[in-house]
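Data first, discussion second: the structure below is written as C-alpha cells.
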C-alpha cells in the first residue's frame, strides 16, 4: 500500500504457482525451519496448510481464473474471484486460519492498488485487512512480523481515509514490532518508516515526518540491488519536504544526490524526471542561485514539451 507500504500486487495474478506438497507432518515443517529466522519461519507457517495439502479442485480453478483475469486486465473480475476463493478456503480451513489471513491481506493490497482509487474499494480493503489482522493476532505472537504487516497495511488504509490519529497509533505499533524483530537495516523497516513519514506529512506535520523519511532513506541506501530511479525519486521526495521546511541548503544537496543517481556520468539524461528538475530549480531560485537554477528549469521545460507538447497549464508539483 508502499506508498506507501502496501506493495504492488497486480502481478500476483499473472503467475500463481500450484504445487502439491507431499511433506505434511509437523515434524517435517519444524525441521525445515530449524535454522531460519523468525520471519522466515512465520511466513512458512502462514503457508503450510496449502503447501502440505492437495489444492482442492474448485480453489485451483479459481486461482487459474484469477490469473487469466489479471492477464486480461479485468480487475473487478479478479476481485470477485478472489472473494470467492477466500470463502471456499474459510469453509475448508475455518475463518481463523493463517492461509486465509494471507489471502485476505493480499486481496486488501490489490484493492488498495487499483487505479483510480475509490471509496468502495478502500472500504472493502479495510474489511479484509482487519480480518487478516484479527486472525494473525489470535494465531501468532504479538511481535510477529506478519502481525506488523497487517497493522501497517491497516494504518496506510486509514491514512487515505484521513483518519490520522488511528493510523498513527497503528503505524507506530508496527514500527515498534519491526524495530525489535527485524533489526535496524531491514527493507520492511524502511517501508514502515516511509509510511509513517507520509502519514505525518499528510496530517500537516512535516517537521515530525522528516526524521522518519531520513531514516527510511538511510536504510534503502545501505541495501544492495536497490533501483537507482526509485531511490532517486524517494530522495527527491525528501528534498521537497526539506524545502517546505525552509531547509534549502539540505534540500539542494538531496536534489543533487538524486540527480547524480539518474545521471551517474554527469551527462544529462534523455528523459530526466521533470518534477525533480523543476523542484530543484525552485529551491535554487529560493536561495538566490539563479545562474544554477535557469539551466535546470530549461531542461525541465524541454523534457515536458517532448513528453506532452507545449502546455502552459502544467504547473510545478
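Readers should treat all values here as calculations from the given coordinates under stated rules, not as data from a laboratory. Since the structure is predicted, the reported quantities are computational estimates derived from the model, not experimental observations. No Cβ is skipped: glycine too gets one built from the backbone with ideal geometry, and neighbour counts run over all protein chains shown.
What the table shows:
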{"item": "For the stretch 126-175: rounded, prolate or oblate by the Cα gyration tensor [a/c cutoff 1.5]", "result": "oblate"}
{"item": "Fewest-first ranking of 186, 160, 82, using other Cβ atoms within 10 Å as the exposure measure", "result": "186, 160, 82"}
{"item": "Exposure proxy order (Cβ contacts within 10 Å, fewest to most) of 208, 152, 265, 99", "result": "265, 208, 99, 152"}
{"item": "Computed lengthening from residue 84 to residue 117, 0.36 nm per intervening residue step minus Cα-Cα distance", "result": "9.7 nm"}
{"item": "Efficiency of FRET between residue 286 and residue 180 - r from beta-carbon atoms, R0 35 angstrom, step 0.05", "result": "0.30"}
{"item": "Relative packing of peptides 228-235, 277-284, 190-197 - highest average C-beta neighbours within 10 Å first", "result": "190-197, 277-284, 228-235"}
{"item": "Spin-label pair residue 187/residue 93, simplified geometry with 7 Å Cα→Cβ offset, distance in nm", "result": "2.3"}
{"item": "Three-way shape label, the stretch 99-164, alpha-carbon gyration tensor, a/c 1.5", "result": "prolate"}
{"item": "Label point distance in nm, residue 61-residue 223, each placed 7 Å from Cα along Cα→Cβ", "result": "4.0"}
{"item": "Cα centroid separation - the stretch 98-123 against the stretch 56-84, whole Å", "result": "14"}
